[in-house]
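Here's the structure we're looking at; comments come further down.
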Amino acid sequence: MSSNKIEYRVGDLAAVGHLAVPPAPGPHGAVLVCHEGPGQDDHVRRRADRIAQELGFAAFALDYHGGAAILGPDAYLARLLELRGDYEQLQAVAQAGLDVLVAQPSVDAGRVAAIGYCFGGTMALELARAGADLRATVGLHSGLEMSEAGSASNISGRVLVAVGDQDPLIPRQHVDAFRDDMLAAGVDCTIEIHPGAAHSFTNADADAWGVPGIAYDAAADHASWDSMAAFLRDAIG
């Protein structure tokens, strides 16, 4: 597996993505990876590397803050509010990352998925709801309140969402409303509820943040990875 940084632009934003490519010759199925709120950290880069090494797909971790920056709580919350309130900007950031991924010579542009963690999961789902050519979309402890601009009827591939039942940021009513929206649009959607898991349950660094309701959960992490791996292999393998 090899990895490298790729600099790209989204309007005035100077972004720095992380590309991981399997050692075998391509063309490869490919996965766009969208980071959690604070930024493109080691967690999301390790996930991209693991997708390339273990699953055999090219993976590109986009950057929606610019400069691959890690922001403090006040700064990243302001940035997330900005993106949530500006669907065109949110869509442009997600689409730019997808464009970089599918432009790679080792990528089969007909076998592409998007995954995301926390707000990155929201971004991946909104990309699918905008009609992007994705065979699969995965949201992990993902915000499930969707914008009015996109529509589940535009989703062309399958959807997998994994959330914890102790996540204060994703209440059950959001899960139920999301499920109803997917069902009404006829989307092939699977929602996994992980018992005892809080927000950011895939991130081994989450406990160090010291934020109530945010914690790593090894059982949920391993189970959701296995589900996602099988899901991606079936969709883009």
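Number of residues in the range 149-170 that are in a loop (DSSP other than H, G, I, E, B) and either within 26 Å of Asp234 (Cα to Cα) or in contact (Cβ under 8 Å) with a residue 40 or more places away in the chain (or both) equals 10. Restricting attention to the range 178-207 and to residues that are part of a loop (DSSP other than H, G, I, E, B) and of a type outside the set (Gly, Ala, Ser), the residue that is nearest to Gly72 (Cα to Cα) turns out to be Asp205.
In the range 197-226, the residues that are in contact (Cβ under 8 Å) with a residue 60 or more places away in the chain and of a type in the set (A, V, I, L, M, F, W, C) form Cβ pairs under 6 Å with partners that are outside any loop (DSSP other than H, G, I, E, B) and crowded, with 23+ Cβ neighbours inside 10 Å, at six or more places apart or across chains, as follows: Phe201/Gly164; Phe201/Ala220.
Here Ala124 fits the description: out of contact with any Pro (no Cβ under 9 Å at 6 or more places or on another chain) and of a type outside the set (Val, Ile, Thr).
Every listed requirement among (1) in contact (Cβ under 8 Å) with a residue 40 or more places away in the chain; (2) within 14 Å of Gly143 (Cβ to Cβ); (3) open to solvent by 30 Å² or more (accessible area, probe 1.4 Å) is met by Gln173 save one, (1). Among the residues making up the range 186-216, those that are in contact with a Gly (Cβ under 8 Å, 6 or more places away or on another chain) and buried (at least 20 other Cβ atoms within 10 Å of the Cβ) are His194, Ala197, Ala198, His199, Phe201. One residue stands out among those in the range 20-41 that are small (Gly, Ala, Ser) and surrounded by fewer than 24 Cβ atoms within 10 Å (Cβ to Cβ): the one that is nearest to Met123 (Cα to Cα), which is Gly37. If you filter the range 208-233 down to residues that are in contact with a strand residue (DSSP E or B) (Cβ under 8 Å, 6 or more places away or on another chain) and assigned to a helix (DSSP H, G or I), you find that the one that is nearest to Ala30 (Cα to Cα) is Leu232. Contact map, the range 24-42: residues that are within 16 Å of Asp205 (Cβ to Cβ) paired with residues that are among the β-branched types (Val, Ile, Thr), Cβ distance under 6 Å, separation 6+ or inter-chain. Pairs shown: His35/Val44; Pro38/Ile70; Gly39/Ile70; Asp41/Ile70.
The values are calculated or read from the model by the stated rules, or taken from the named source; none is laboratory data. Given the structure is predicted, the values throughout are model-derived calculations rather than measurements. Neighbour counts run over all protein chains shown; Cβ positions are idealised from the backbone, glycine included. Each accessible area value is taken on the protein alone, full model and side chains, heavy atoms only, with ligands, DNA and RNA left out. Shrake-Rupley method; radii C 1.70, N 1.55, O 1.52, S 1.80 Å.
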